[in-house]
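Below is one structure, written out as structure tokens; comments come after it.
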Amino acid sequence: FMFINVRDSQHWGDDFAVYIHQAMNICEGKNFSETSYLYVPAFSSLAPSAPVGFSVLLSPVYKFFGFNMLAFSFFMSFLFVLWALVSFIFFRKNFSASTSLIILLVAFFPNFMFWLKLLITSDVPFSILFLVIAALPVFAKAKSKWLYIFCGLLTALAASTRYVGFIIVPSLWMFAIYVAVTTWQKNQIGRAHV
């Protein structure tokens, strides 16, 4: 699975170039946002510079392999496989191994996902981080402040990977309020029966 659809080229010239250029700037000690990207508001969906988190993840690939599209493609393939494994572990929390595998095959084997695996985009690392942030409080046996601090750091990393990551913060607050209200309601119902 790791080696399926790995190529030494990209079929679009959009944000993947910005991410790689920012990674190059990070490795060369330059301002990461100076990418020479020509921003045309009428035709561009990407700002002149992208969030820096994904470029930081790409910078070791550039540092060790240079501007090698095949190396970047293998890195994305590794992240894609990691995403699939984390998803399988997440599914196993509520389903059997066979059901989790079927869900995984349905979710990760359509043509669109193989296309996504080929691209150098921040969607894959963001999805991994988002899934880990969602899974940590569910899987943790002991809920400590360090768990929530770690989730906060992962949230900051996710937000630095994609702009949409900022939605995680209000989502976590809403989830905390939901948990507090449902816990309070259960306690009230328990007292009423006593």
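The values are calculated or read from the model by the stated rules, or taken from the named source; none is laboratory data. Since the model is a prediction, treat every value here as computed from it, not as a measurement. Cβ coordinates were reconstructed from backbone atoms using ideal geometry, including for glycine residues, and neighbour counts include every protein chain displayed. Please note that ligands, DNA and RNA were not included when accessible areas were found on the heavy atoms of the full protein model with its side chains. Shrake-Rupley method; radii C 1.70, N 1.55, O 1.52, S 1.80 Å.
Numerical summary
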{"item": "Ranked order, Lys63, Lys93 - accessible area, probe 1.4 Å, largest first", "result": "Lys63, Lys93"}
{"item": "All Cα pairs of region 70-142, percent lying beyond 19 Å", "result": "38"}
{"item": "Candidate lysines for bridging to Lys93, where Cα separation is under 19 Å - those fewer than 8 sequence places away on the same chain excluded", "result": "Lys141, Lys143"}
{"item": "Burial ranking of peptide ranges 25-34, 79-88, 168-177 (average Cβ count within 10 Å, highest at the top)", "result": "79-88, 25-34, 168-177"}
{"item": "Sulfur and carbon atoms: percent of accessible area, region 94-167 [1.4 Å]", "result": "77"}
{"item": "Most to least accessible of Trp146, Trp115 (protein chains only, probe 1.4 Å)", "result": "Trp146, Trp115"}
{"item": "Set of lysines near Lys30 by C-alpha distance (under 20 Å), chain-local residues within fewer than 8 positions excluded", "result": "Lys63"}
{"item": "Overall dimensions of region 101-164 as given by Cα atoms, namely Rg and Dmax in Å", "result": "14.3, 41"}
